[in-house]
Amino acid sequence: MRDVETNSLWSHLLGKAMRGEFKGAELKILPGVMTTWSEWCLRHPRTTLLGMSRTTRSYREAVWKKSNRFVYGVHLGAGRPSPAVSLKRLQQEPVFNFESAGHVMLITAGEKGVRARAFSRKLKGEILVFSASGKGTMTDDRTSSHWDVTTGECLGGKLKGTVLAVLPGTISFRTAWEAFFPEGRIVE
Amino acid sequence: MQLDGRRFLFPRMKSGLLHLLLLVGGIPVSASADGFNPHKVVKAFPAITDPRIVTVDEAGGFVEGNELVLGVVIGKQARAYPLNMLTNPTREIINDRLGGSAIAATW
């Protein structure tokens, strides 16, 4: 992509200017969520949405059936290897604890893997390990508190009210992630 | 949208993946951009800077429940970008504002 003002050329996946006046500059990547419209509305009933005409009808829940083609990648910042986990693995283990480049992370995936989100597992200096505990919830190994897998918010227990830090990540075609992050690890 | 105190907009991205980018000022330059060899760089399309945004009621049933969306929350404001509105080359970057921030939703 290009910015209108300087015509610099940017990488959309890295969020970084690769050529032109802004070369080397980086945009902050927001932690967005890719999910179905119905699930998004349940979470955010007062949401607004883009109201333009459709350009295709292809992107529906069923697209994730070919889960081998996709990964969930986590951006750890410039110059750091960005790890990814195969969507197939996340469909099998929807509460997935792992570590990469010194970062302790958690990726949670929704039913059928149609929604995923990454969090830091470090909370107030302690490292937590999570396991699924029911529909939409998980527990940590230190306090057995209950957490919302989508928001990272502790719903009940000793840590109630605390929220895990969301990490920027995205569902990506595997081949694209490999091209942009050749040094990154993909957990199969 | 500002970077180093200057406004800018994105007219287009080439292809591929979904991201939300927040444009902020004073971002340090850190990584090398050497070795960047895109397969093809296409001519820029006009920037989308004032996209139509609607409420759930206004949208009615236009977006079906099983369609994929990219969602983001900034402050107390939530917004969804249905992927099925982003796939044409002229649509792959939506310059937008949400919760006081200038953002670009890209596909």
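Only helical DSSP H runs with n ≥ 4 go in: add -39500 (n - 2.57) per run for chain A, normalise by residue count and round the 222 nm mean residue ellipticity to 500 deg cm²/dmol.
Helices in chain A give a 222 nm mean residue ellipticity of -2500 deg cm²/dmol.
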(request) Please say if region A:97-152 is rounded, prolate or oblate, where rounded means a/c under 1.5 for a ≥ b ≥ c the square roots of the C-alpha gyration tensor eigenvalues, and otherwise the choice is prolate for a/b larger than b/c and oblate otherwise? (result) oblate
(message) Just want the ordering: B:Glu92, A:Glu188, A:Glu39, from fewest to most Cβ atoms lying within 10 Å of their own Cβ.
(response) A:Glu188, A:Glu39, B:Glu92
(message) Please list log₁₀ I(q)/I(0) at q = 0.09, 0.10 Å⁻¹ for the protein assembly as shown, using the Debye equation with identical point scatterers on the alpha-carbon positions.
(response) -0.42, -0.53
(message) Please report the antiparallel percentage of DSSP beta bridges with both residues in the protein assembly as shown, rounded to the nearest 5.
(response) 95
(message) Between A:Gly73, A:Gly136, A:Gly102, where does the largest GNM mean-square fluctuation fall for chain A, given springs only between Cα atoms within less than 10 Å?
(response) A:Gly102
(message) With the crude spin-label approximation of a point 7 Å out along Cα→Cβ, what separation in nm comes out for B:Glu58 versus B:Val42?
(response) 2.9
(request) Could you work out the local net charge near A:Ser58, counting Lys and Arg as +1, Asp and Glu as -1, over the other residues with Cβ closer than 15 Å to its Cβ? (result) +3
(message) Taking the number of other C-beta atoms within 10 Å as the exposure measure, put A:Asp148, B:Asp50 in order starting with the fewest.
(response) B:Asp50, A:Asp148
(request) Estimate the FRET efficiency between A:Lys160 and A:Lys65 by the formula 1/(1 + (r/R0)^6), using the beta-carbon distance for r and 25 Å for R0, to the nearest 0.05. (result) 0.10
(message) Tell me the relative contact order for region A:137-183 as a rounded percent, counting alpha carbon contacts under 8 Å between residues six or more apart.
(response) 21
(request) Enumerate the lysines that A:Lys122 could reach by cross-link, defined here as Cα to Cα under 24 Å, with residues fewer than 8 away along the same chain left out. (result) A:Lys28, A:Lys135, A:Lys158, A:Lys160
(request) Starting with the fewest neighbours, write out A:Leu76, A:Leu42 ranked by other beta-carbon atoms found within 10 Å of each beta-carbon. (result) A:Leu42, A:Leu76
(message) Relative contact order for chain A: what percent, with Cα pairs under 8 Å and sequence separation of 6 or more?
(response) 20
(request) Answer rounded, prolate or oblate for region A:35-134, using the Cα gyration tensor with square roots of eigenvalues a ≥ b ≥ c: rounded when a/c is under 1.5, else prolate when a/b is larger than b/c, else oblate. (result) prolate
(request) Determine the relative contact order of region A:45-118: mean sequence separation of Cα pairs under 8 Å and six or more apart, normalised by residue count, in whole percent. (result) 21
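Every number in this text was worked out from the coordinates using simple rules, so none of it is lab data. What you see is a predicted model, and the numbers here were worked out from it, not measured in a lab. Positions of Cβ are generated from backbone atoms using ideal geometry, with glycine treated the same way; all protein chains shown enter the neighbour counts.
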